[in-house]
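Everything below concerns the one structure shown next.
The values are calculated or read from the model by the stated rules, or taken from the named source; none is laboratory data. Note that the coordinates shown come from a computational prediction; the quantities given were computed from them, not determined experimentally. Heads up, the Cβs are rebuilt from the backbone with ideal geometry, glycines too, and the neighbour counts pull from every protein chain shown.
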Amino acid sequence: MMETSQQRQGGIAVKMLDLKKQHSRIRKELDEAIAGVVDSCRFINGPQVGQFAASLAAYTGARYAVPVGNGTDALQIALMALGLNPGDEVIVPAFTYIASAEVIALLGLTPVMVDVDYDSFNTTADNIQRAITRSTKAIIPVHLFGQSCPMESILEVAREHRLHVIEDNAQSIAARYTFSDGTVRQTGTMGTFGCISFFPTKNLGCMGDGGIIISDDQTKAQRAKLIASHGQSTKYYHDIVGCNSRLDTLQAAILSVKLRYLDECTAHRQSAAAIYDEGLRGVKGITTPKRMKYSTHVFHQYTLKVAGGQRDGLRQFLSDNGVESMVYYPRPLQRQQAFRGIARYGDNLEVSEQLCGEVLSIPMHPELTAEEQNYVVEKIKEYASTHL
Ligand SMILES: *Cc1c(COP(=O)(O)O)cnc(C)c1O
């Protein structure tokens, strides 16, 4: 507290996230977990890896968890475990991080980009349905910014067309989806596979790279596990072509500590979101994130839409006033050079295009103070009153 007010005298700075502050609260536990691994020297596949995988599976409600090197590997290995063939099509939203689609292309499959819903930022069953052809084999719905995709209708389309579903749950660990019959499931546990990233800035982040694949399908989970370890069933006996993707023992030990605080951190994000909602209600030209009825929101990002072509202007104004912000994402996948000649594009991707010009994510993390938030709100209002 003291430190914060001292910093303020030299000008206010509000950061997108504050890992230092987050770690300082649990530093003793983290240090002990790290020291335990250093003392054991079991840096690869130490007992902490299995322990963490079991805790994470229990936390999400999934039966199996396969730890891997990062969230992108999780997606790639999940796709590999489906046993698709070159030329098979995989549907993915055009408004997402590159990793969701990159892995499809990397495996010689065809990414098919579909549009998203303007309110939720997520793709819909209708958009997916329209892009399905005889070659379509799988869908990768992405639970963007902390909220679930409309999974009931997506799963229905998948069932109807016999498509696999791999949930890209890099951003939405702990979000809960409610089906129309009242059943509640965590994101990542509704498709064949759920893929989670532990990149340091994610809601559950480690101190380097990390990821995990979750599944209820024993055969497919075993196949993913085999692929992640060189397709090796017994030492030096390789059944299939795999790769090398592991969660370090150190990262697993760190994640076990941080998982214990995930619910508390999520609750803090949600209260911070409520403060922004209240402060920014009715501000002309600013749209706050919509909560969908079927999902809880874990606020990986708090993403505004800024009208009138003023997004970059607002971002500059905030920056001049010491407030960080980020554009996730400035360019939709259909305009990424990397996919030219490889991808197929859905009929209409205009929402993705529009969002890339309007979105602005403002500081959101569990350590954010009401004082910092009020300052951010005040600055946004100041800009809006003259420019929007
Ligand atoms: C972060 C992220 C990934 C990739 O995770 P890494 O651990 O960085 O490889 C994939 N998809 C989405 C939507 C992400 O935000």
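Among what's in region 153-174 and is within 13 Å of the ligand (Cβ to nearest atom) and under 17 Å from Phe299 (Cβ atoms), pick the residue that is farthest from the chain's Cα centre (by Cα). Selected residue: Ile173. Listed by position, the helices (runs of 4 or more DSSP H) contained in region 9-115 that have at least 2 residues being small (Gly, Ala, Ser) are 27-40, 47-60, 71-81, 99-106. When the residues of region 170-191 are filtered to those that are surrounded by 22 or more Cβ atoms within 10 Å (Cβ to Cβ) and among the β-branched types (Val, Ile, Thr), which remaining residue is farthest from Ala158 (Cα to Cα)? Checking each candidate, the answer is Ile173. Among residues that are crowded, with 18+ Cβ neighbours inside 10 Å, in the same structural domain as Val184 (by TED's automatic domain parsing), under 19 Å from Leu349 (Cα atoms) and away from the ligand (no atom under 16 Å from the Cβ), Thr110 is included.
Within region 260-289, being within 14 Å of Val376 (Cβ to Cβ) and of a type in the set (Val, Ile, Thr) holds for Ile275, Val283, Ile286, Thr288.
Residues that are aliphatic (A, V, I, L, M) and within 12 Å of the ligand (Cβ to nearest atom) occur at least once in region 191-204. For region 192-202, what are the residues that are within 24 Å of Glu264 (Cα to Cα), buried (at least 24 other Cβ atoms within 10 Å of the Cβ) and not aliphatic (A, V, I, L, M)? The answer is Gly194, Cys195, Ser197, Phe198. For region 203-229, a residue qualifies if it is surrounded by fewer than 16 Cβ atoms within 10 Å (Cβ to Cβ) and closer than 19 Å to Thr72 by Cβ, and exactly one does: Gly208. Taken over region 294-330, the criterion of being surrounded by fewer than 16 Cβ atoms within 10 Å (Cβ to Cβ) and without any contact (Cβ under 8 Å) to a residue 40 or more places away in the chain is satisfied by Asp312, Gln316, Ser319, Asp320, Pro330.
Inspection of region 213-230 identifies no residue that is within 16 Å of the ligand (Cβ to nearest atom) and in contact with an Asp or Glu (Cβ under 7 Å, 6 or more places away or on another chain).
Is it true that Asp39 is without any contact (Cβ under 8 Å) to a residue 40 or more places away in the chain and surrounded by fewer than 18 Cβ atoms within 10 Å (Cβ to Cβ)?
yes
Applying the set (1) assigned to a loop (DSSP other than H, G, I, E, B); (2) in contact with a His (Cβ under 8 Å, 6 or more places away or on another chain) to Tyr329 leaves exactly one unmet item: (2).
Considering (1) within 13 Å of the chain's Cα centre (by Cα); (2) β-branched (Val, Ile, Thr); (3) under 19 Å from Lys293 (Cα atoms), say which one Thr123 fails and leave the rest. Every condition holds for Thr123 apart from (1). Residues in region 91-107 that are buried (at least 24 other Cβ atoms within 10 Å of the Cβ), under 13 Å from the mean Cα position of the chain (by Cα) and either without any contact (Cβ under 8 Å) to a residue 40 or more places away in the chain or within 16 Å of Ser197 (Cβ to Cβ) (or both): 2 in all.
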